[in-house]
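The values are calculated or read from the model by the stated rules, or taken from the named source; none is laboratory data. Please read these numbers as outputs of a predicted model, since none were measured by experiment. All Cβ positions, glycine included, derive from the backbone under ideal geometry; neighbour counts span all protein chains shown. Accessible surface is based on the protein model in full, side chains and every heavy atom, while ligands, DNA and RNA are left aside. Shrake-Rupley method; radii C 1.70, N 1.55, O 1.52, S 1.80 Å.
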Amino acid sequence: MPAPVDHLQERVVDASESLADIMPSAITLSMMLRHRNMATWLRAEFEGYDKAAELPTYRHDVNGHIVARSPQYGWIPAPIDRQQLEQFGHLDLRDNVPSLEQTCFNCKKGNGHRISLPGEQLLDLQQKINLSAELAINISRSTYCTVLKTIRGGLYLWTSAVLESGLSGDHNTFSKEEKEKVACLDNPTRFWREAMASLDELPVPNPREAGFLERMFGRTG
């Protein structure tokens, strides 16, 4: 018989398991427990947030660096001052978890991912710095890693709390009494905030990085 909570937590701490592959099982478990708030959060993370959706703190106003495309040198730091960086050097990350993981997979450690400035912002900044070059925000790989580890850490803390409430072991379903016992744990904000505060202490792995052969020939697994 399956042990859904135990097994899910084992997957959450397993570096060989991608967060994108784990999340459908986490959504299923949340529905089994009638944790509707948790299910809503997990679905939003798995599918991405639309422009009207309010973002969790860890996805809102993520800082980056402004870079410009040079015909001679490629992408280089843009000639902007601190005030301009504060105005233009941040954005909201609304991409779904599979996309965020793929970005991390494709980036080398120490590198980042470029995101084009929206049209109006691009024109505004080009005028301010008197530069016609293409401009973009570079978000570091470590920033993407922090977002993904925060989600994964929230899952770890949620499953830990459910297990501590006595819902370990084999379950095909949960009784009314068991669901009532963990009803107070249907609070994703609590768990991702706790994860943000203790991220380095949690036993959750960093997102995978492509090895040399995978970068050369594509992912094989």
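Key figures
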read-out	value
Residue in region 146-154 that is more than 30 Å from Trp192 (Cβ to Cβ), in contact (Cβ under 8 Å) with a residue 24 or more places away in the chain and among the charged types (D, E, K, R) present	no
Of all residues making up region 178-207, the number that are of a type outside the set (A, V, I, L, M, F, W, C) and assigned to a helix (DSSP H, G or I)	11
Inter-residue pairs, beta-carbon under 9 Å, first over 14 Å from Thr146 (Cβ atoms) and in region 184-201, second of a type in the set (Lys, Arg), 6+ apart	Asp186/Arg34; Asp186/Arg36
Residue under evaluation Pro2, criteria (1) over 21 Å from Lys149 (Cβ atoms); (2) at pLDDT 95 or above; (3) open to solvent by 30 Å² or more (accessible area, probe 1.4 Å), criterion not met	(2)
Filtered residues of region 26-51 (kept if within 17 Å of the chain's Cα centre (by Cα) and of a type in the set (Gly, Ala, Ser))	Ala26, Ala39, Ala44, Gly48
Residues of region 33-74 classified as in a helix (DSSP H, G or I) and either open to solvent by 30 Å² or more (accessible area, probe 1.4 Å) or out of contact with any helix residue (DSSP H, G or I) (no Cβ under 8 Å at 6 or more places or on another chain) (or both), total	8
Residue match in region 113-128 (condition: in contact (Cβ under 8 Å) with a residue 60 or more places away in the chain, touching a helix residue (DSSP H, G or I) at 6+ places or on another chain (Cβ under 7 Å) and not acidic (Asp, Glu))	no
Whichever residue in region 171-205 is open to solvent by 90 Å² or more (accessible area, probe 1.4 Å) and touching a helix residue (DSSP H, G or I) at 6+ places or on another chain (Cβ under 8 Å) and, among such residues, is farthest from Arg152 (Cα to Cα)	Thr173
Among the residues listed as Ser30, Ser25, the single one being touching a residue at least 12 places away in the same chain (Cβ under 8 Å), among the hydroxyl-bearing types (Ser, Thr, Tyr), open to solvent by 30 Å² or more (accessible area, probe 1.4 Å) and within 20 Å of Val204 (Cβ to Cβ)	Ser25
Test: residue in region 109-130 that is over 28 Å from Ile22 (Cβ atoms), surrounded by fewer than 14 Cβ atoms within 10 Å (Cβ to Cβ) and either in contact with a Pro (Cβ under 8 Å, 6 or more places away or on another chain) or aliphatic (A, V, I, L, M) (or both)	yes
Residue in region 136-143 that is touching a helix residue (DSSP H, G or I) at 6+ places or on another chain (Cβ under 9 Å) and surrounded by fewer than 18 Cβ atoms within 10 Å (Cβ to Cβ) present	no
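Residues checked against (1) more than 16 Å from the chain's Cα centre (by Cα); (2) over 24 Å from Leu42 (Cα atoms); (3) of a type in the set (Gly, Ala, Ser):
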| position | (1), (2), (3) |
| --- | --- |
| Gln72 | yes, yes, no |
| Arg82 | yes, yes, no |
| Gly89 | yes, yes, yes |
| Arg94 | no, no, no |
| Leu100 | no, no, no |
| Thr103 | no, no, no |
